[in-house]
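Written out below as structure tokens is the structure these notes cover.
The values are calculated or read from the model by the stated rules, or taken from the named source; none is laboratory data. Since the structure is predicted, the reported quantities are computational estimates derived from the model, not experimental observations. Quick reminder, even Gly has a Cβ in these numbers, built from the backbone with ideal geometry, and neighbours come from all protein chains shown.
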């Protein structure tokens, strides 16, 4: 595992920001929504920040009526927004419902999406050098060719400078085709140190394997040192340094009621723990607890656990 020397930024996250409108009934019939910010990469960043990591975000916010709300929401979560630019156009919005537990309902609107203004020019040597971990997922790659180049540049600079690179393929076929997703995945695969992948559907589509052991072996053979296979309610399987450990979800008194973006919450907990010096197996156990807390409590970013909620 790459060593994290003294740096100002624990996690540098690249991602697209959405306005989230959440309800507890069917989206089409709901009359009341709770407004927040969201999307997978933002949830990962906010989770790590609330747990105590210093998180800096590379993104773009359009100068529409939600501009101030988005920036204030990020600052309230102690996210550094020095590298979040303001651009023309409109911010993306999605509607989501937690009514059906695992069968999550989403409706995305991306007209004039601000994320199209995320370009490689936002990435520079000093920013990468000052970070312990550089993180992105395929959600940002799916936006445009410019965002794909941005992720590649950030990962390449980090790789060259021996800085940890973490990636979640986060396959979302409503955003793009499987062929495009695979192309972007394979373009960054040689640069990745930590792979956070879900099974069985995602791993089967991307790598041809459903069993976590097969996924870990496949990615180890391609030079990825830490592989975490998230396996829904079963927990995860973690592979590092020729050792594989199955880490079940913690036993909870209350049932998980909200699976919305729970994988991204896991990512935030895991990367926070790694940045703070945990070994990958301890980090995965901690991340399971963080994800379970969110699943039981539900709600928007304000309901994500803090460092006072989870033992570290």
> Among (1) touching a strand residue (DSSP E or B) at 6+ places or on another chain (Cβ under 8 Å); (2) under 30 Å from residue 311 (Cα atoms); (3) surrounded by fewer than 17 Cβ atoms within 10 Å (Cβ to Cβ), where does residue 76 come up short?
Replying inline: (1)
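I need a count of the residues in the range 297-307 that are in contact with a helix residue (DSSP H, G or I) (Cβ under 6 Å, 6 or more places away or on another chain) and in a loop (DSSP other than H, G, I, E, B). Working first, answer last.
Quick first cut of the range 297-307, residues in contact with a helix residue (DSSP H, G or I) (Cβ under 6 Å, 6 or more places away or on another chain) only: 297, 301, 303-307.
So of that shortlist, the ones also in a loop (DSSP other than H, G, I, E, B) come out as 304-307.
Result for the range 297-307: 4.
Could you check, for the range 97-113, whether at least one of its residues is within 16 Å of residue 14 (Cα to Cα), touching a residue at least 12 places away in the same chain (Cβ under 8 Å) and crowded, with 17+ Cβ neighbours inside 10 Å?
Taking the range 97-113 and keeping what is within 16 Å of residue 14 (Cα to Cα), we get 113.
Next, only the ones that are touching a residue at least 12 places away in the same chain (Cβ under 8 Å) stay: 113.
When the remaining residues are screened for being crowded, with 17+ Cβ neighbours inside 10 Å, the result is 113.
There is at least one residue in the range 97-113 that is within 16 Å of residue 14 (Cα to Cα), touching a residue at least 12 places away in the same chain (Cβ under 8 Å) and crowded, with 17+ Cβ neighbours inside 10 Å.
Scan the range 267-291 for residues that are closer than 22 Å to residue 136 by Cβ, out of contact with any strand residue (DSSP E or B) (no Cβ under 6 Å at 6 or more places or on another chain) and assigned to a helix (DSSP H, G or I) and report the count.
To start, the set of residues in the range 267-291 that are closer than 22 Å to residue 136 by Cβ comprises 267-276, 278, 280, 283-284, 286-287, 290-291.
Add one more test, that the residue is out of contact with any strand residue (DSSP E or B) (no Cβ under 6 Å at 6 or more places or on another chain), and what stays is 268-270, 272-274, 276, 278, 283, 286-287, 290-291.
Subset that is assigned to a helix (DSSP H, G or I): 268-270, 272-274, 283, 286-287, 290-291.
Number satisfying all stated conditions: 11.
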>> Criterion first (closer than 29 Å to residue 16 by Cα, over 16 Å from the mean Cα position of the chain (by Cα) and either at pLDDT below 95 or not in a helix (DSSP H, G or I) (or both)) does residue 310 satisfy it?
In response: yes
> Looking at 85, 81, 133, 128, which one is modelled with pLDDT of 95 or more, under 26 Å from residue 272 (Cα atoms), assigned to a helix (DSSP H, G or I) and in contact with a helix residue (DSSP H, G or I) (Cβ under 9 Å, 6 or more places away or on another chain)?
Replying inline: 128
